[in-house]
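Undergrad: This structure is in structure tokens; I'll ask about it shortly.
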Amino acid sequence: MNMNRRLLLLASLPLPAVAAPALKAGVFDPARPAPEFALKGSDGAPLTLARFKGRLVLLVFGFTNCPEVCPTTLATLAQARKQLGSDAAAVQVVYVTVDPERDDLARIRQYLAAFDPGFIGGTAAPDTLAAMRKRYGVVAEKIAQANAYGMNHSTSVYLIDRAGLLRALMPYGHGAADFVHDLRQLLAIR
């Protein structure tokens, strides 16, 4: 077979599918567009997903009075960003309150600064936040306590790629090393 025929034959063969990266988190297969949102940002700017196009977004839902899950998650994400070194600039943590009654922008900003000054929080009217939670499949419920209330809420972290695609969902309890692994895999996707 002459060279031109071989090249033509090779060109007509289907290309192998590009395998999705092997992640520690649960993978959305296929990846799908992450629902857009429009909130007030703790940094003073409007908070939208489109604002971070070209960066990975770690989307977290929580509240500043959370006694365990939220501070543990945010400390883990801060540690992961430190371990990423210069790659941390390509990763944005977005923390959306499930408790707009108590979590105003000043409180969210102060709370997040204790973990990583680069983290950005968001809030909005309760119905706007409820609609966002519904689009992401997040549960949040007020629980009465003596002289106050708490919140039960979903605890996983959404991993959104540079193109705004929902790639994975990391369950609560994974350490910084698992996030670093997955973030490096997602950073390698162009």
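Undergrad: Among all residue pairs at least 6 apart or on different chains, which show Cβ distances below 9 Å where the first residue, located in the stretch 19-30, is of a type in the set (D, E, K, R) and the second is modelled with pLDDT under 95?
TA: 29/20
Undergrad: Of (1) in contact with a helix residue (DSSP H, G or I) (Cβ under 7 Å, 6 or more places away or on another chain); (2) at pLDDT below 95, residue 159 satisfies all except one. Which?
TA: In the conditions (1) in contact with a helix residue (DSSP H, G or I) (Cβ under 7 Å, 6 or more places away or on another chain); (2) at pLDDT below 95, residue 159 misses (2) alone.
Undergrad: Can you name every residue in the stretch 41-93 that is polar (S, T, N, Q) and within 16 Å of the chain's Cα centre (by Cα)?
TA: Matches in the stretch 41-93: 48, 72, 73, 76, 79, 92.
Undergrad: Residues that are within 20 Å of residue 68 (Cα to Cα), touching a residue at least 60 places away in the same chain (Cβ under 8 Å) and surrounded by fewer than 17 Cβ atoms within 10 Å (Cβ to Cβ): does the stretch 151-174 have at least one?
TA: For the stretch 151-174, residues within 20 Å of residue 68 (Cα to Cα), touching a residue at least 60 places away in the same chain (Cβ under 8 Å) and surrounded by fewer than 17 Cβ atoms within 10 Å (Cβ to Cβ): present.
Undergrad: Can I ask one more? Would you pick out the residues in the stretch 144-186 that are part of a helix (DSSP H, G or I) and polar (S, T, N, Q)?
TA: Within the stretch 144-186, just 185 meets the criteria.
Undergrad: I need a count of the residues in the stretch 60-81 that are in a loop (DSSP other than H, G, I, E, B) and either among the hydroxyl-bearing types (Ser, Thr, Tyr) or under 23 Å from residue 135 (Cβ atoms) (or both).
TA: Residues meeting the conditions: 3.
Undergrad: Within the stretch 94-120, take every residue that is of a type in the set (Gly, Ala, Ser) and in a helix (DSSP H, G or I) and give me the one that is surrounded by the most Cβ atoms within 10 Å (Cβ to Cβ). Break it down into steps so the answer makes sense when it comes.
TA: From the stretch 94-120, those of a type in the set (Gly, Ala, Ser) are 106, 113-114, 118; that's our starting set.
In the following step, the residues that additionally are in a helix (DSSP H, G or I) were identified as 106, 113.
On the way: 106: 9, 113: 13.
Residue satisfying both the conditions and the ranking: 113.
Undergrad: Scan the stretch 27-86 residue by residue and report those that are small (Gly, Ala, Ser), under 19 Å from residue 168 (Cβ atoms) and either surrounded by 12 or more Cβ atoms within 10 Å (Cβ to Cβ) or at pLDDT below 95 (or both).
TA: 31, 34, 62, 80
Undergrad: Go through (1) in a strand (DSSP E or B); (2) under 17 Å from residue 57 (Cα atoms) and name the single condition residue 141 misses.
TA: So residue 141 meets the others, but not (2).
The values are calculated or read from the model by the stated rules, or taken from the named source; none is laboratory data. All figures in this text were calculated on a predicted structure; none of them were measured in a lab. Every residue, glycine among them, receives a Cβ derived from its backbone with ideal geometry; neighbour counts consider all protein chains shown.
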